[in-house]
Amino acid sequence: MVFYLEDAQSVPLKNQQVVLLDRKGKQTLLRNDVPYAVNSDENGKVIFKNLPGNLYTVKLKGEKKNGIRFQVGLTKPKQTILQFVFPKGVGIRKVGERETTTVLQIGK
């Protein structure tokens, strides 16, 4: 699963910690008994490797009290394009693509 993060001024969010949770957002997923979290690179690119097709909750650490949360993943068999589900009022939206990868903008 790969996507980009940027702020409201289209500046890449560097070193943004992103945590992967189960579909309902209740349990942090583990990889080798450690919470599966990654940091965005200097271009705001987030990469979660070797995930089975499923719907996951993604949590951006440091944003708001409990972090910004949204769902992303594959929801149907043979689906190849990631689907993003944003709760109302969460302050994140899909703004386009870069290198055929979705770009998400955080902020107003």
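When only Cα pairs under 8 Å and 6 or more residues apart are kept, what is the percent relative contact order across the chain? Display every interim value, and only then the final one.
On the way: 225 pairs, mean separation 31.4, N = 108.
Contact order relative to length: 29 percent.
How much accessible area per residue does the chain have, in Å², with a 1.4 Å probe?
Details: 6870 Å² over 108 residues.
With the other protein chains kept in place, the chain gives 64 Å² per residue.
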Share (percent) of C-alpha pair distances in the stretch 50-100 greater than 13 Å works out to 64
The chain: spread of alpha-carbon positions along the three principal axes, whole Å, largest first, is 34, 31, 28
Net charge near Lys14 (other residues with Cβ under 13 Å of its Cβ; Lys, Arg +1; Asp, Glu -1) is -3
The percentage of the accessible area of the chain (probe 1.4 Å, all protein chains present) made up of carbon and sulfur atoms, to the nearest whole number, is 48
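The values are calculated or read from the model by the stated rules, or taken from the named source; none is laboratory data. None of these values were measured; they are calculated from a predicted model. Glycine gets a Cβ as well: all are built from the backbone with ideal geometry, and neighbour counts include every protein chain shown. SASA here: full protein model, heavy atoms, side chains in, ligands and nucleic acids out. Shrake-Rupley method; radii C 1.70, N 1.55, O 1.52, S 1.80 Å.
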